[in-house]
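Asks: Just dropping this structure here.
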There are 2 protein chains.
Amino acid sequence: MDDEHGRWEAAERLALVLTEGGLQRMAARTLAMFLFTDLQSVTAGEIGERLAASAGAVSGAIKSLLAVGLIERLPAPGSRREHYRLREDAWATLFTSQNTAIQAMLDAAAAGIEVTRTGDPAHERLSRMRDFYEFLLAELPGLLHRWHQHQQSGQSAGQEERR
Amino acid sequence: MDDEHGRWEAAERLALVLTEGGLQRMAARTLAMFLFTDLQSVTAGEIGERLAASAGAVSGAIKSLLAVGLIERLPAPGSRREHYRLREDAWATLFTSQNTAIQAMLDAAAAGIEVTRTGDPAHERLSRMRDFYEFLLAELPGLLHRWHQHQQSGQSAGQEERR
DNA sequence: ATAGAGCTTCAGAAATTTCTGAACTATGTT
DNA sequence: AACATAGTTCAGAAATTTCTGAAGCTCTAT
């Protein structure tokens, strides 16, 4: 533990996983940095320095992470530099963002059902697809609810610090 | 309904959604074609014709769809052309394929926990991340089980007929 | 007010992904 | 056995994504 080299290597590895998952490259690296830093909050400059990226690239990454709600801007301590940090519910948010993908699939299926005739193979197939995504969408709220309960009931990794 | 133009437009639209979700472009278009065709099975040639794509591109797309288990090769009727069709459980498979992504996140978190010291902010953050993905992974089997039950009990979520 | 640090935007460069076309392999037909 | 059709592979072309660097804007402190 406490292996500085291993830490950033692990961070970059996580960034790759996030990229596969659909995040843009620099956004993924930035998110990983937020996770692996020991600072309570970081500035754009610090991110750029650690990732060896231009200010422009960092700016874009922060913008997109803010947009999807994974990080938040801290009420400025009073200074020139903006401070950001990972949001408390970042993981649930990241997971939930797939709801929109599921809804999009549902819509696509519905559109297909509209333009095909009842009984046609395509119509049947699309109906099954719609059923699945409808089911999935209906299950998600309960799943997140169980997560919050699970969290409340003080499981492992419990001791939070505040700031 | 039964609008040939609208049908393929809807198919291409679904392909875009699938692409956002991480599928390669041609694989996504091919999968959409499998969904929207009225044929019970299709050949590589038919796909290439409909999508106006080269045989090489189609070959690659089929290969990758087979690899993730979304389509299957039909026991050749006896001929030269290979026939393929969408697998019955394609949607559950597509959904489940995210399990590997979740496992990858879990592994990345674990790696980070290894190289940080207990009590460090990063260590705490990574622990919370691990907790979430552990929870998620544990929930998935139950969710798929409920889907299969839901399916059995024949409620096709609406006014569709069965076949 | 002015200076200057930090941030954003954007055009063009660089890197990556994706597709085509042609050569090659395999298989069924005559 | 020879031919022809279906499918696969792969190098290079095309398209797309992503990043840099520079210009411009904003806001704090002097």
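The values are calculated or read from the model by the stated rules, or taken from the named source; none is laboratory data. Predicted, not measured: the structure shown is a model, and the values here were computed from it. Note: ideal-geometry Cβ built from the backbone for every residue, glycine included; neighbour counts use all protein chains shown.
Asks: Applying the selection to segment B:27-52, what residues are crowded, with 17+ Cβ neighbours inside 10 Å, among the small types (Gly, Ala, Ser), in contact (Cβ under 8 Å) with a residue 12 or more places away in the chain and within 14 Å of DNA strand C (Cβ to nearest atom)?
Replies: Once the filter is applied, which keeps residues that are crowded, with 17+ Cβ neighbours inside 10 Å, among the small types (Gly, Ala, Ser), in contact (Cβ under 8 Å) with a residue 12 or more places away in the chain and within 14 Å of DNA strand C (Cβ to nearest atom), segment B:27-52 yields B:Ala27, B:Ala28, B:Ala32, B:Ala44.
Asks: Every residue in segment A:53-71 that is within 14 Å of another protein chain (Cβ to nearest Cβ) and within 13 Å of DNA strand C (Cβ to nearest atom), please.
Replies: Answer for segment A:53-71, where residues must be within 14 Å of another protein chain (Cβ to nearest Cβ) and within 13 Å of DNA strand C (Cβ to nearest atom): just A:Ile71.
Asks: Among the residues that make up segment B:113-123, is at least one of them within 23 Å of A:Phe95 (Cβ to Cβ) and of a type in the set (S, T, N, Q)?
Replies: No; the residues of segment B:113-123 include none that is within 23 Å of A:Phe95 (Cβ to Cβ) and of a type in the set (S, T, N, Q).
Asks: Any residue that is in contact with a strand residue (DSSP E or B) (Cβ under 7 Å, 6 or more places away or on another chain), outside any loop (DSSP other than H, G, I, E, B) and at pLDDT 95 or above - is there at least one of those in segment B:50-63?
Replies: yes
Asks: Determine if segment B:2-12 includes at least one residue that is part of a helix (DSSP H, G or I) and either within 15 Å of DNA strand C (Cβ to nearest atom) or in contact with a Pro (Cβ under 7 Å, 6 or more places away or on another chain) (or both).
Replies: Taking every residue of segment B:2-12 in turn, at least one turns out to be part of a helix (DSSP H, G or I) and either within 15 Å of DNA strand C (Cβ to nearest atom) or in contact with a Pro (Cβ under 7 Å, 6 or more places away or on another chain) (or both).
Asks: In segment A:1-36, what residues are of a type in the set (S, T, N, Q) and out of contact with any strand residue (DSSP E or B) (no Cβ under 9 Å at 6 or more places or on another chain)?
Replies: Correct list: A:Thr19, A:Gln24.
Asks: Here's a follow-up. Among the numbered criteria (1) closer than 28 Å to A:Glu4 by Cβ; (2) more than 16 Å from DNA strand C (Cβ to nearest atom); (3) more than 19 Å from the chain's Cα centre (by Cα), which single criterion is violated by A:Leu86?
Replies: All conditions pass for A:Leu86, except number (3).
Asks: Anything in segment A:58-75 that is in contact with a Lys or Arg (Cβ under 9 Å, 6 or more places away or on another chain) and under 12 Å from A:Ala28 (Cβ atoms)? List them, or say none.
Replies: The answer is A:Ala61, A:Leu70.
Asks: Checking B:Leu66 against (1) within 13 Å of DNA strand D (Cβ to nearest atom); (2) more than 23 Å from the chain's Cα centre (by Cα): exactly one of these is not met. Which one?
Replies: In the conditions (1) within 13 Å of DNA strand D (Cβ to nearest atom); (2) more than 23 Å from the chain's Cα centre (by Cα), B:Leu66 misses (2) alone.
Asks: Kindly provide the set of residues from segment A:114-129 that are assigned to a helix (DSSP H, G or I) and facing another protein chain (nearest Cβ under 7 Å), ordered by number.
Replies: Across segment A:114-129, the qualifying residues are A:Glu114, A:Pro121, A:Ala122, A:Glu124, A:Arg125, A:Leu126, A:Ser127, A:Met129.
Asks: Which condition number in (1) within 22 Å of A:Gly22 (Cα to Cα); (2) in the same structural domain as A:Leu144 (by TED's automatic domain parsing); (3) not aliphatic (A, V, I, L, M) is the one that A:Ser64 fails?
Replies: Answer for A:Ser64: the failing condition is (2).
Asks: Continuing with this model, one more query. Check whether at least one residue in segment B:80-94 is in a helix (DSSP H, G or I), surrounded by fewer than 18 Cβ atoms within 10 Å (Cβ to Cβ), among the polar types (S, T, N, Q) and in contact with a helix residue (DSSP H, G or I) (Cβ under 7 Å, 6 or more places away or on another chain), and report yes or no.
Replies: no
Asks: Given the condition over 16 Å from B:Pro121 (Cα atoms), within 12 Å of chain B (Cβ to nearest Cβ) and part of a loop (DSSP other than H, G, I, E, B), answer yes or no: does some residue in segment A:23-35 qualify?
Replies: yes
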